[in-house]
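**Q** For reference, the structure I am asking about is given below.
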Amino acid sequence: MVTVREQLPGHFNELSEETTVEHAEQARQDVAEWLNRVRGILDGAALKRLEEVANYILQKELETTVNHRSNTLYAGIEMADILAHLHADEDTLSAAFLYRSIREGLVSIDEVRGLFGEAVFALVKGTLAMGRLSDLIEKNKRLEDHFNNNQREHLTGIYKMLISVTEDVRVVLIKLAERTYALRELTHSSKERQERVAREILTIYAPLAHRLGIAQLKWELEDLAFRYLAPDRYKEIATLLNEKRLEREQYIQFVIDKLKNELAEHNIEAEINGRVKHIYSIYRKMKSKNLSFDQLYDIRALRVLVKTVPECYHSLGIVHQIWRHIPHQFDDYITNPKANGYRSLHTAVIAENKSLEVQIRTKSMHEEAELGVCSHFNYKEGAKATDHSFNHRLHSLRSVLEHYQERTDASAHKDDKDGEDFEQIQEFEDFEKIYVFSRDGDIKELPRGSTVLDFAYHVHTEVGNKCYAARVNQRYVPLTYTLKTGEQVEILTKKDREPNRDWLVNSLGYIKTGRARDKLRHWFRQQDRSKNLEVGRELLNKELARLAIHPKSIDLSDYCNHFNVKQGEDILIALVNGDVSLHALINQVNRHMHLDQDEPELVLKPTLNPRASHTLSAHGILIDGLDNVELHIAQCCQPVHGESIGGYITLNRGVSIHKVICQDYVRMIGQEPERAVEADWEMQPTRGQSVQIVVEAYDRRGLLKDLTQVIFSDQINIRQVNTISEADGIANMKLLSEVKGLAQLSKLLARLEQQPGIISARRLVQGN
């Protein structure tokens, strides 16, 4: 790869506020020359947008009086030039050109959207997000220890984190180009910064480029970083090589042509590729296998792909015929495959007075190796475990990259069909993990949607059990806060803190992961049974009291079969442990009282016609032996659809409907049993039923607004509101609402009690 530094004059990197007219004109000519060179690389593509971006940034550099760290025009040209050799599309080149200008404050991100389109804007925005993570990584002192000690489990988490924030694979390419440029420009930086940036690139970005198969970036990142980290060792190996990389590449091309001609004479159709080991790769092999430079025979290597296994051995014989074989340097992995299934022939020869490794395999063997490329990378990098989801994401990234590289053989002008294919390639599996920093700088991997409480249990069970508060990026957040990649989390604990049973309630959103939920349930199971029994009965009675259902009106033994327990007390224990939710139990009570929760929700009808307000059909009530009679709902108990009811014939108001457990009703039918009639609800309510709800809360501004919004969000109609504020700062509110039954009423009361400052919310069982 020929760099921009070799193509443009030195004064091009010296634009400033003192720039002369002549200097500015020369810069414009240099930009035009560079654009023409890029057009040649990309098969004559027009690159009109890239030209607009380059001229825009040049003009901004000439006009600005703001001091910034680097010449953003030169940085943009370097980054775009790197990506041009990867045959990236014009949007990617434009975004790369703009990136440094935006980071330095020369151009605003909003200007990009308006001037250069949504696609370029999205790429720049994604690269900025990855850049912010990169800054966090560089500033994190704990991660420096991981770099120094080469702790792979943490390092893997870092580049997983970087990949997870990408919505477009081209963002990764832009970031790699930016890191490559940054490494080239480290010459004038302090030794401390040189080593830190080099170590970051060597441990994160170079392996990432390797996994994506970008060899030209990988070797440059590794060699430059190695030069800063171990300059003496770098010079030693460079001296031993005694040749420039260009000379090694010319040698490889020569032996490829010679071997291809020899194979063709024997009617063997083969695909031959070559590579040259770069300096850092040589150093790694010398260190890992404890070899001297003279013992390395694969500094230069060829890979020969043929059709059949017999052709592999035939090609091996030809290689040994034309070049002298080095003794004891032959491995037959076809007859004896490696443990990971790798198959190939490896031999080393002296070709043109230089050592050369030759690998021979069939195309099917090669495809098998490539399909297993992720495990191959893990093997090469020393990883013990394989993250299949991450490797799938990397495979998808490589697919898109290959699409870019294939464009060298295509026209610069794509038709609509090509555009559609490119979009299809970009559709890969969403990353299901997030990556956050602990207080000490360690990276933790969590499922997407995890809360800070999930994080606490991920760190340690006791941290979760004793958690009482959390801070994200130095700001206090609720325990229900959903974490995002790159955030730093600190969990605050107390010794006497115990888990709250509300954490197990799904609707409250404290916990999203099964791991944390299991740990919580285990903790509650360890508590004393008698204590759990008492607490469970208290929870149930509280809910029943809120719904104005007398505890003696239900028998828990009726629900043992449904919840698969032996006795009613076991339901209370399961209620505390989280094995049975309070919502599920109340639903069963409702069904037992003829309210089916599985039916679709009914739309509330408008307020009844006054003329029909006292008819049987209006209330959805069936009365045994009577039809077309006047009735009304008794105000002493106000029964709701689903509760057991009975009728009482009054003297002049028709039939009054009571709960069967209503004290007034029991007293009246005890005195005059002949007036009692059987009554029941229709299977489906025809309208919402009026219920009085009493809310006691600490008085504050906006209290009524908050409560009404909660009620309206459940699509519940409010017919009347009465609010009284007491002198002691306590507000008492009575709300007349229309609900569809006990299930909806229970949900509403629970949501009201969750609001800030609410003391209690309950159903009023006595009329005003």
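**Q** Separation of segment 256-285 and segment 695-754 by C-alpha centroid, Å?
**A** Cα centres, segment 256-285 to segment 695-754: 79 Å.
**Q** With θ set to phi - 60° and the Karplus curve 6.51 cos²θ - 1.76 cosθ + 1.60, what are the ³J(HN,Hα) couplings of segment 669-676 in order, to the nearest whole Hz, using x for Gly and Pro?
**A** These are the phi-based 3J(HN,Hα) values: 6, x, 7, 9, x, 5, 8, 6 Hz.
**Q** Quick one: grab the alpha carbon gyration tensor of segment 433-525, order the square roots of its eigenvalues as a ≥ b ≥ c, and give me rounded if a/c is under 1.5, else prolate or oblate depending on whether a/b is larger than b/c.
**A** prolate
**Q** Using the 10 angstrom Cβ neighbour count as an exposure proxy, how do Leu212, Leu93 rank, fewest first?
**A** Ranking Leu212, Leu93 by Cβ neighbours within 10 Å, fewest first, gives Leu212, Leu93.
**Q** OK, next. Would you mind calculating the gained length between Glu753 and Asn290 on full extension (0.36 nm times residue separation, minus the Cα-Cα distance), in nm to one decimal? If you can, show how the numbers build up before the last one.
**A** Working: separation 463, 0.36 × 463 = 166.68 nm, distance 6.92 nm.
Using 0.36 nm per residue and subtracting the Cα-Cα distance, I get 159.8 nm.
**Q** Take Ser189, Ser737 and order them by how many other Cβ atoms sit within 10 Å, fewest up front. Mind showing how you got there, number by number?
**A** On the way: Ser189 14, Ser737 21.
Neighbour counts put them in this order, fewest first: Ser189, Ser737.
**Q** Any idea what the dipole of segment 529-592 comes to, in debye rounded to 20, about its Cα centre with Lys/Arg Cβ at +1 and Asp/Glu Cβ at -1?
**A** Magnitude of the dipole: close to 100 debye.
**Q** If you don't mind, there's one more thing I want to ask. Please list the non-local residues whose amide H lies under 5 Å from the amide H of Ile334, H modeled 1.01 Å from N, same-chain partners needing a gap of 5 or more.
**A** Ser344
**Q** Quick check on segment 529-592: take the gyration tensor over C-alpha atoms, sort the square-rooted eigenvalues as a ≥ b ≥ c, and tell me if it's rounded (a/c under 1.5), prolate or oblate.
**A** Here segment 529-592 falls in the oblate category.
**Q** Could I have the simple spin-label model distance between Asp680 and Phe712, label points 7 Å from Cα toward Cβ, reported in nm to one decimal?
**A** My value for the distance between the label points is 4.0 nm.
**Q** Also, I was wondering about something else. What are the ³J(HN,Hα) couplings of segment 254-261, residue after residue, when phi is run through the Karplus curve with 6.51, -1.76, 1.60 and θ = phi - 60°? Round to Hz, x for glycine and proline.
**A** Using θ = phi - 60°, the values come out as 5, 6, 4, 4, 5, 5, 5, 5 Hz.
**Q** State the extension gain, in nm to one decimal, for the chain segment bounded by His583 and Gln567, taking 0.36 nm per residue of separation less the distance between their alpha-carbons.
**A** On the way: separation 16, 0.36 × 16 = 5.76 nm, distance 1.93 nm.
Roughly 3.8 nm would be gained on extension.
**Q** Kindly write out, for segment 336-341 in residue order, the coupling ³J(HN,Hα) from the Karplus curve 6.51 cos²θ - 1.76 cosθ + 1.60 (θ = phi - 60°), rounded to whole Hz, with x marking Gly and Pro.
**A** Per residue, the Karplus-derived 3J(HN,Hα) values read 10, x, 5, 4, 8, x Hz.
**Q** State which entries of Lys566/Lys734; Lys307/Lys433; Lys495/Lys566; Lys60/Lys125; Lys235/Lys444; Lys191/Lys354 exceed 31 angstrom in Cα-Cα distance in the structure shown.
**A** Listed pairs above 31 Å: Lys566/Lys734; Lys307/Lys433; Lys495/Lys566; Lys235/Lys444; Lys191/Lys354.
**Q** Moving to a separate point now. Sticking with the crude label model, points 7 Å out along Cα→Cβ, report the distance from Ala24 to Val463 in nm, one decimal please.
**A** It is 5.7 nm.
**Q** Same structure again: Is segment 698-768 rounded, prolate or oblate when judged by the Cα gyration tensor, a ≥ b ≥ c being the square roots of its eigenvalues, rounded requiring a/c under 1.5 and prolate requiring a/b larger than b/c?
**A** Prolate.
**Q** Let me ask something else. Counting only residues 5 or more places away or on other chains, whose amide H sits under 5 Å from the amide H of Ser760 once H atoms are built in the peptide plane?
**A** Excluding prolines and chain starts, which carry no amide H, the hits are Glu696.
**Q** Related question: Quick check: residue separation of Arg37 and Leu622 times 0.36 nm, minus the Cα distance between them. What number comes out in nm?
**A** This chain segment gains 201.8 nm when fully extended.
**Q** Here's another thing I want to ask about it. Could you list Thr347, Thr180, Thr335 so that the one with the fewest beta carbons within 10 Å of its beta carbon is first and the one with the most is last?
**A** Thr335, Thr347, Thr180
Read-outs: derived from the displayed coordinates by stated rules, not from any lab. This structure is a prediction, so every number in the text was calculated from the model and none was measured. Every residue, glycine as well, gets a Cβ built from its backbone with ideal geometry; the counts of neighbours run over all protein chains shown.
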